[in-house]
Each structure stands twice: as structure tokens, then as C-alpha cells.
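The values are calculated or read from the model by the stated rules, or taken from the named source; none is laboratory data. Predicted model, so just to flag it, every value in this text is computed and none were measured. Using ideal geometry, Cβ is built from the backbone for each residue, glycine included, and neighbour counts are taken over all protein chains shown.
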Amino acid sequence: MTVLDEYEKWQRAMGRQPTTLETTRKVISRFLDHSATAATEFTTEHVVDFLANESFSANTRYSYFWHLKSFSEWLVIVRKRDDFPMLHLRGPRMLRKPPRPVPGDSLPLLLKKAGNGRTRMMILLAALQGLRVHEVAKIHSSDIDIYDGSIEVLGKGGKVAILPMHDEVRRAMVREQMPRNGYWFESTARPGKPIQPASVSKAVSKVMRDAEVPGTPHALRHYFGTELVRSGANLRVVQELMRHSSIATTQGYLEVQGSEMRAALSNLRITA
């Protein structure tokens, strides 16, 4: 078993998601190939040289740094190294991109373009429940409580949340005859297993392209948060529905238009 195999096993034991395991392995493998050194021998200079790659965006550099730091800490914890090569390195900053929700009037167009079936259900789960593509992919019939009207979601970091189900999602579940026993989106290549997140992204992206709606499937989650706030929902409620540990993360999903700022200012009054 290689060092990377051992690290992946440890991450799995800590409840890391398959997508995280895959990404981590790719990042560390790329780093070790670039540095031409062993996991037990790389230095601070190796890390700096790798992260200095001019082709990396600020957010890629940020992500790679923290993958490598977690790996370095593990090496020390399991006593494969006595030194911590990233001890004195400060993490690079992550640039916050402005939220880009799909336009509010685009959802009916997307649903019409999707027609009936699985892709329509994927879009509804993303736009009206705020689910990420990997969360959509593994929805199981056992996650649905039809009597309580709720849906259980296994999110990032293995966090489980029980969310109220949107009425339109509930109606669509019946209309589309989603499976009552098993995964809603079962893989044809792997019977009894859910489809891959990439399959969800590919299906939804195709509908967005066909409908000429800009953005990525994740923009539907931005739509979810933005439209909740515009409908009058309290920001703390939105945070809970989006399952963010920090309200600052929630704010990064919410688009504020110039017209909304002007309207807010027009309501500001000086009272005697």
C-alpha cells in the first residue's frame, strides 16, 4: 500500500466524500510528480515552487495549498515525518467571485426545455431545494419522508440535514414517478448505485446550453439563495436552508442588483 493509499484510507475513515478523495489524490500526485520527490522528503521550497505556477488561478492555488497542508499534517500525525514542511507557510487568499444566479425568469424556460423525466427533477432539486450536484446524484427513496414532507440530505463533510420539501418538488416527485425503492437517479452502468455527480452536471448543463441560459448547474444554487432573500426570507433561515456553517459563505451566493440598492435607499427616511 502506497503512502497515498494510506492517506486515502485515513480520509475515508474520517468520512470524507468520494469526490474529495479523488480530488485530493490528483492534487498530491501532481505535486509529487512536479517536485520529483517522495512524500516523506518534500520541503517547504518544493511547496512554494509548485504553488508559484503562473497558470494557477488564485482559487486553484488556495485549494491546492490546503490539500497539501492537510496531507503534511497527516504525515506528522502518523509519524511518517518528524518535521512539518508547511509550518511557516501562510495560506494564499481565495478570491470571492460575485454570485451569478441564473436569471429569475429563466427557470420556467429551463424546465420547459428539460421536458419530463430525470433532468427536470435534477433542476428542481437544485433550484428549489438548493442541492449541489453530488447531493442530487445520490438522493435515495429512503431520504424522503412523504408524511412529514421532508428530505434528508448528506452534504459536504458528511453533514446530514433534514430539509422541508418544496411543494413543487413534492408534486414533481409524484408526477415523474420517482422510484419508491432505491436511488432516484440510478446508474445504468452500475445497477443499485447512484449516477456520478458529473452525470448530473452534464445533463443539466446541456439543458442550460439548449435554453441559452448562461452559467453552470451550481448557478441554480445561487438562484435558490438569492430568490429566498428576495422573497423576504431572513438571512439566518437562508443560511440553514443552504446548510452553510458561516453566514459569510451564504452572503457570497446572494446577488444584489443596483435597482435593489436604490429601492433600499429610497426607503431610508430621516425622522424627527
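Quick notes on this one:
Every residue, every condition in (1) modelled with pLDDT of 95 or more; (2) in contact with a helix residue (DSSP H, G or I) (Cβ under 7 Å, 6 or more places away or on another chain); (3) surrounded by 12 or more Cβ atoms within 10 Å (Cβ to Cβ); (4) not hydrophobic (A, V, I, L, M, F, W, C), yes or no:
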residue: M86; (1), (2), (3), (4): no, yes, yes, no
residue: L95; (1), (2), (3), (4): no, yes, no, no
residue: P98; (1), (2), (3), (4): no, no, no, yes
residue: P103; (1), (2), (3), (4): no, no, yes, yes
residue: D145; (1), (2), (3), (4): no, no, yes, yes
residue: A172; (1), (2), (3), (4): no, yes, yes, no
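- Only one of the listed residues (V213, V229, V256, V238) is surrounded by 12 or more Cβ atoms within 10 Å (Cβ to Cβ), in the same structural domain as V136 (by TED's automatic domain parsing) and free of Cβ contacts under 8 Å to residues at least 12 places away in the same chain. That residue is V256.
- Reported count of residues in the stretch 105-139, each being surrounded by 16 or more Cβ atoms within 10 Å (Cβ to Cβ) and part of a loop (DSSP other than H, G, I, E, B), is 6.
- Matching option when the condition is in the same structural domain as E186 (by TED's automatic domain parsing) and at pLDDT 95 or above, among L163, L125, L110, L154: L125
- Identity of the residue in the stretch 49-85, aliphatic (A, V, I, L, M) and under 29 Å from G252 (Cα atoms), that ends up farthest from the chain's Cα centre (by Cα): A52
- Taken over the stretch 196-223, the residue count meeting the criterion of being among the small types (G, A, S) and more than 18 Å from L109 (Cβ to Cβ) is 3.
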